[in-house]
Amino acid sequence: MSAVIDHGHAHDHEHHPSGIMRWITTTNHKDIGTLYLWFSFTMFLVGGILALGIRAELFQPGLQFWHPEFFNQLTSMHGLIMVFGAIMPAFVGFANWQVPMMIGAPDMAFARMNNWSFWLLPVAATLLVVSFFVPGGAVAAGWTIYAPLSTQMGPGMDLGIFALHIMGASSIMGSINIITTILNMRAPGMTLMKMPLFVWTWLITAYLLIAVMPVLAGAVTMVLTDRHFGTSFFNAAGGGDPVMFQHIFWFFGHPEVYIMILPGFGIISQVIPAFARKPLFGYSSMVYATASIAILSFIVWAHHMFTVGMPTAGVLFFMYATVLIAVPTGVKVFNWLATMWRGSMTFETPMLFAVGFIFVFTMGGFTGLILAIMPIDIQLQDTYYVVAHFHYVLVAGSLFSLFAGFYFWVPKWTGRMYDETLGKWHFWLSMIFFNITFFPMHFLGLAGMPRRIPDYALQFAGFNEIASIGAFGFGLSQLLFLWIILKVTVLGRGEKAGAKPWEGADTLEWTHLASPAPYHSFHEQPVVK
Amino acid sequence: MKKSIAAAGLLALSGAARAAYQWDLPTPITRVAAEIDDLHVKMMWIILVIFVGVFGVMFYSIYAHRKSIGHKAEHFHENTTVEIFWTVIPLLVLIFMAWPATKTVLHIRDTTSPDITIKATGYQWKWGYDYLRGEGEGISFLSALSTPQDQITGKEKKGEHYLLEVDNPLVVPVAKKIRILTTANDVIHSWMVPAFGVKQDAIPGFVRDTWFRAEKEGTYRGQCAELCGKDHGFMPIVVEVVSAEKYAAWVADQKKKSAAAADDPTKKWNLAELKARGEKVYAANCVACHQASGQGVKGAFPALDGSPLIKEPKGRHIEIVLNGRPKTAMAAFGKQLSDTDIAAVITFERNSWSNKTGEVIQPSEIKAARK
């Protein structure tokens, strides 16, 4: 009933500019969500092309395509673009679309700031891409831009630093907006402990972002002043310490890892119950587990630095704290399994990606446990094992959860069903090629192949060849995804979706809004019992 | 006959295939490496059990609780006992894992009472070794990649130890505790030898330490493990572990060599002598960027052939080689090379390709310029 009423309202209020001005001036959370998603998908393709440049060079031993310096630019920019350009903005896009609809709010709390936090991103992305063309090229010190290597680079490094500043500002504004919206604009009756888990995970993530983005800004600003204004924060000759950069960077960097996965946990926690037709098992323990992971993320940063030579007590502390994270993460996985248990499951594309997520993400969790054990980490730190590990949690984790979320909510966004057959193809191709690409990297790491090298010894040749083939397969599979997106959005093809196309879905956007969701939804707040 | 050739061929092939697919930690040569291996195997067994348990349940559920076979959903969604159970059990498993790990950590960190202490200094992009204490005290040399450029660019067949071979390997005696002090000259590097279970970052301006006691003679190889710029992938570490007698002989040999190689600082060199020596220095230090042709790499590394620098007075040239160029890949070679080597390489550069200045730079000029 209310869906019909809302639809009527929507027509009266759609007096926004059209054409390009609609997108530049928009303050509508759905428009801004769409902008975020298209932006992140574009950056995903750019970062993917850089990755294929890396894998092409590594297909065979010897230098075939690039100079070592350009290879370093490829690895560094692939990391920066994927982390700050693809994964993070994609989750903010989901938050923009979904948080207001899931809590029964008409829009985000600060609509104009919302516009601004998006439109900062293309500026930052331009700085990053332009940096390839300045003398000396783009950032080549890795996405971690460790000093003093980063103080050696050319002007590309400065552009990278400014881009990080801008993206940080954008993230902070986005987070303030999300927190304010969630805390103040929930429908009557929706207590905190009744919020959908996706909203919960984003609330916690937003706090993490506000806590650590300024830390990153501080670190890169210190690099900047070391480079140009004669300070010596990270220069021992002037009384500084290069290792201090790593401490500051990872104090940001480890929570950052959870920033990129917690909203993914949220998406999976919506998808699994919907397709198991059974409520989420252990809702409150899921909330507590998410909060525990977030808190622990602040006291584990130095496990990225087991080889810098810390005092033994420090090493032991960070090792113990790190293995502790396995407990709340395990609770999450067990709860998802318990949700599936004795459900009535169907396996449409969102569910495939969600189950696939649990399977491969857990493998990334296992390798994380191996890496947390300091003595083993001595062998594996800065090898391909680490590359394998974080791609298992970032690609199979974050990216697959984003895919699951896209297929799950796109009927609500567009009012049309995506192509189910192609969606299933997308899942299987992604899943298979992902494993062909990244599973062999565990072996390379155990055998001792360092990361970030453009050429390698002959005993690493076999698995590198396999990984490169897998990478090209994975890259091509994403073109299929591009086609699926275009088909259901721009071309508007696919059968019409009802208000609630998924039998087991029960959050407000499904129960109270039509598909596609009206431009302005929830003028009158729904009441949650 | 034919059969045995075929068999030999097959053997060689499988050998090559095995070499190309090395997939596990290398055979441990030290007790620490063996402990790490052990820990890894134990952890993998525990993980395997968890893996089978968790995903056994998941795939059984996927099989049995499908709508398509008519399974009806139940509606339970809470059970505190179960939640406590699967919080506490993993916690116990983790404590069980952390205990042996702690013992190994303490073992790794124990760098006390070494037999020999060696300082390893990371340079962009080679290693320098100084024997500080113990047998061989005073020996000091640089260790750089010896794989020819032509193998890297594919003009020549790649050798067996492609990218893992150096001109001067680190030599140590078997069964002795070797303490390695790491530091660096420019950026952070990392000294890694997997067979020893050793990886220690080398940090400019700071000294860190690690140790190993190799239990078997042989040649062990590793690489720089921390991104350090352009040639990060081209600064391997090679350690030769030899018997006590061989080590003593090597030490004596090194001492003799270094006495003989010490250049008479007052000697006057002629152009031909300096050019010949300079060519070797150039090949070892400059060729990766400035190229054998002296043309550099367009947009990245400047050409030396016909460079404006050659037309300038030699003082500027000497200064750049000694002190490097900040914010570029040009390193300060003053700390790495001797006066004679620097004089030789500058003479070579100013008198090669189309550069014909005829200038002869004497080591004494470098010595003067250092001040």
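What's the Cα-based Rg to Rh of the range B:87-161, Rh via Kirkwood? It would help to have the intermediate numbers written out before the result.
Numbers: Rg = 21.8 Å, Rh = 17.2 Å.
Rounded to two decimals, Rg/Rh equals 1.27.
Determine the equivalent ellipsoid of chain A by diagonalising the alpha-carbon gyration tensor, then write out the semi-axes as square roots of 5 times the eigenvalues, largest first, rounded to whole Å. Write out the running numbers ahead of the final one.
Working: eigenvalues 278, 128, 113 Å².
So the three semi-axes of chain A are 37, 25, 24 Å.
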request  = Find, to one decimal place in angstroms, the Kirkwood hydrodynamic radius of the range B:199-274, where the mean of 1/r is taken over every pair of different Cα atoms and then inverted.
outcome  = 16.7 Å
query = P(r) for the range A:329-478: what percent of alpha-carbon pairs falls in each 10 Å bin, starting at zero?
reply = 11, 35, 31, 17, 6, 0
task = Compute the Cα gyration tensor for the protein assembly as shown, then decide on rounded, prolate or oblate, letting a ≥ b ≥ c be the square roots of its eigenvalues: rounded whenever a/c is under 1.5, prolate when a/b is larger than b/c in the other cases, and oblate in all that remain.
result = prolate
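What's the FRET efficiency of residue B:293 with residue A:65 using the Cβ-Cβ distance as r and R₀ = 25 Å, to the nearest 0.05? The partial results should precede the final answer.
Numbers: r = 21 Å, r/R0 = 0.83.
Taking R0 as 25 Å, the efficiency between residue B:293 and residue A:65 is 0.75.
Determine the shape class of the range A:123-174: with a ≥ b ≥ c the square roots of the Cα gyration tensor eigenvalues, call it rounded for a/c under 1.5, and otherwise prolate if a/b is greater than b/c, oblate otherwise.
Oblate, because a/c is 1.5 or more while a/b does not exceed b/c.
Can you work out D for the range A:128-209 in µm² s⁻¹ from Stokes-Einstein, where Rh is the Kirkwood radius over C-alpha pairs, the temperature is 20 °C and the viscosity is 1.002 mPa s? The partial results should precede the final answer.
On the way: Rh = 15.3 Å.
After rounding, the answer is 140 µm²/s.
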request  = Work out from phi, with θ = phi - 60° and the Karplus expression 6.51 cos²θ - 1.76 cosθ + 1.60, the ³J(HN,Hα) of each residue of the range B:97-102, listed in order in whole Hz, and give x for Gly and Pro.
outcome  = 6, 6, 4, x, 4, 4
message = One quarter of the convex hull surface, Cα atoms only: what value does that give for the range B:262-371 in nm²?
response = 6.6 nm²
note = Residues meeting the amide H criterion for residue B:168 (H placed from the backbone, H to H distance under 5 Å, 5 or more places apart or on another chain) are B:144
ask   = Between B:206, B:333, B:234, which gets the highest mean-square fluctuation from a Gaussian network model of chain B, Cα cutoff 10 Å?
value = B:206
key: Inter-site label distance for residue B:55 and residue B:156 at 7 Å from Cα along Cβ, in nm   = 4.6 nm
inquiry  = With θ taken as phi - 60° and the coefficients 6.51, -1.76 and 1.60, list the Karplus ³J(HN,Hα) couplings across the range B:67-80 in order, rounded to whole Hz; mark glycine and proline as x.
reply    = 5, 5, 9, x, 6, 8, 6, 8, 10, 5, 8, 7, 6, 4
remark   = Applying the gyration tensor rule to the Cα atoms of the range A:35-94 (axes a ≥ b ≥ c; rounded if a/c under 1.5, else prolate if a/b exceeds b/c, else oblate), the class is prolate
key: Amide H contacts under 5 Å for residue B:182, placed H, 5+ residues apart   = B:120, B:208, B:209, B:210
remark   = Ordered by number, the residues of the range A:241-277 that have at least 10 Å² less accessible area in the complete protein assembly than on their own chain alone (1.4 Å probe) are A:241, A:242, A:243, A:246, A:277
Separation of alpha-carbon centers, the range A:271-311 and the range B:251-307, rounded to whole Å = 56 Å
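Roughly how much accessible area, to the nearest 100 Å², goes out of reach of solvent when B and A pair up, both sides summed, probe 1.4 Å? Spell out each step's value before the answer.
On the way: alone 22670 and 20370 Å², together 34730 Å².
So the buried area, both faces added, is about 8300 Å².
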Overall dimensions of the range A:233-390 by Cα: Rg and Dmax, Å = 18.3, 66
task = Can you quote the Å³ per residue value for the convex hull of the Cα atoms in chain B, rounded to an integer?
result = 266 Å³
note = For residue A:383, other-chain or 5+-apart residues with amide H closer than 5 Å (H placed, Pro excluded) are A:451
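Percent antiparallel among DSSP beta bridges with both residues in the protein assembly as shown, to the nearest 5? Walk me through the intermediate numbers first.
On the way: 32 of 45 bridges.
Here the share of antiparallel DSSP bridges comes out near 70 percent.
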Two-decimal log10 I(q)/I(0) for the range A:450-513, as the Debye equation yields it once each C-alpha is a single scatterer, q = 0.19, 0.29 Å⁻¹ = -0.86, -1.11
message = Using alpha carbons only, how many angstrom separate the centre of the range A:168-212 from the centre of the range B:337-361?
response = 66 Å
key: Rounded percent of accessible protein surface that carbon and sulfur make up, the protein assembly as shown, 1.4 Å probe   = 66 percent
message = Give the separation of the Cα centroids, the range A:501-515 to the range A:102-144, in Å.
response = 32 Å
remark   = Within the set B:96, B:196, B:141, GNM on chain B using Cα springs under 10 Å gives the largest fluctuation to B:96
key: Over the range A:314-398: Kirkwood hydrodynamic radius from C-alpha pairwise inverse distances, Å   = 14.2 Å
note = Diffing the range A:512-520: the Karplus 3J(HN,Hα) column from phi (6.51, -1.76, 1.60, θ = phi - 60°), in whole Hz with x for Gly and Pro, holds 10, 10, 6, 10, x, 4, x, 3, 10
remark   = The local net charge around residue B:43, scoring Lys/Arg +1 and Asp/Glu -1 for residues other than residue B:43 whose Cβ lies under 12 Å from its Cβ, equals -2
task = Please give the solvent-accessible surface of residue A:300 in Å², to the nearest 10, using a probe radius of 1.4 Å with every protein chain present.
result = 0 Å²
remark   = The base-10 log of I(q)/I(0) that the Debye equation returns for the range B:228-316 at q = 0.12, 0.13, 0.16, 0.20 Å⁻¹, one scatterer per C-alpha, is -0.68, -0.77, -0.98, -1.12
note = Ordered by number, the residues of the range A:436-464 that have at least 50 Å² less accessible area in the complete protein assembly than on their own chain alone (1.4 Å probe) are A:446, A:447, A:450, A:452, A:455, A:458, A:459, A:463
query = Accessible area, 1.4 Å probe, largest first: how do B:290, A:523 sort?
reply = A:523, B:290
remark   = Here the gain from full extension of residue B:370 to residue B:107, 0.36 nm per residue of separation minus their alpha-carbon distance, amounts to 90.3 nm
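Could you compute how fast the range A:410-529 diffuses translationally, taking Rh as the Kirkwood radius over C-alpha pairs and applying Stokes-Einstein at 10 °C with viscosity 1.306 mPa s? Give it in µm² per second. Please list the in-between numbers first.
Values: Rh = 17.7 Å.
For the chosen part, D equals 90 µm²/s.
Where does each of A:50-57, A:350-357 land if you order them by average Cβ count within 10 Å, highest first? Each step should come with its number before you reach the end.
On the way: A:50-57: 19.5, A:350-357: 25.5.
The peptides rank, most packed first, as A:350-357, A:50-57.
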Distance between modelled label sites at residue B:354 and residue B:24, nm, 7 Å Cα→Cβ extension = 5.9 nm
ask   = Based only on the alpha carbon positions, what is the Kirkwood hydrodynamic radius of the range B:142-289, in angstrom?
value = 17.5 Å
query = What is the log10 of I(q)/I(0) for the range A:354-425, computed with the Debye formula using one identical point scatterer on each Cα and no solvent, at q = 0.11, 0.16, 0.23, 0.27 Å⁻¹?
reply = -0.39, -0.64, -0.95, -1.12
task = Skip the ligands, DNA and RNA, and give the accessible area per residue of the protein assembly as shown with a 1.4 Å probe, whole Å².
result = 39 Å²
message = If the elastic network links every pair of Cα atoms under 10 Å, which of B:270, B:185, B:323 fluctuates the most in the Gaussian network model of chain B?
response = B:270
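Under DSSP H, which helices of chain A have Cα atoms covering 27 Å or more of the helix axis and a Kyte-Doolittle average no less than 0.0?
Values: long enough: A:29-58 (42 Å, 0.99); A:111-130 (30 Å, 1.07); A:155-184 (44 Å, 1.14); A:197-228 (46 Å, 1.48); A:349-372 (33 Å, 1.87); A:420-446 (39 Å, 0.78); A:461-488 (41 Å, 1.40).
Helix filter hits for chain A: A:29-58, A:111-130, A:155-184, A:197-228, A:349-372, A:420-446, A:461-488.
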query = Among the lysines, which have Cα under 28 Å from the Cα of residue B:176 when same-chain residues fewer than 8 positions away are ignored?
reply = B:103, B:119, B:126, B:199, B:216, B:246, B:255, B:256, B:257
Residue-span extension gain [residue A:183 to residue A:486] - 0.36 nm each, minus C-alpha spacing = 105.6 nm
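The values are calculated or read from the model by the stated rules, or taken from the named source; none is laboratory data. Being a predicted model, the structure only gives us computed values, none of them experimental. Reconstructed Cβ throughout: ideal geometry from the backbone, glycine too, with neighbour counts over all protein chains shown. For the accessible areas, the whole protein counts, side chains as well, though only heavy atoms, and no ligand, DNA or RNA atoms are used. Shrake-Rupley method; radii C 1.70, N 1.55, O 1.52, S 1.80 Å.
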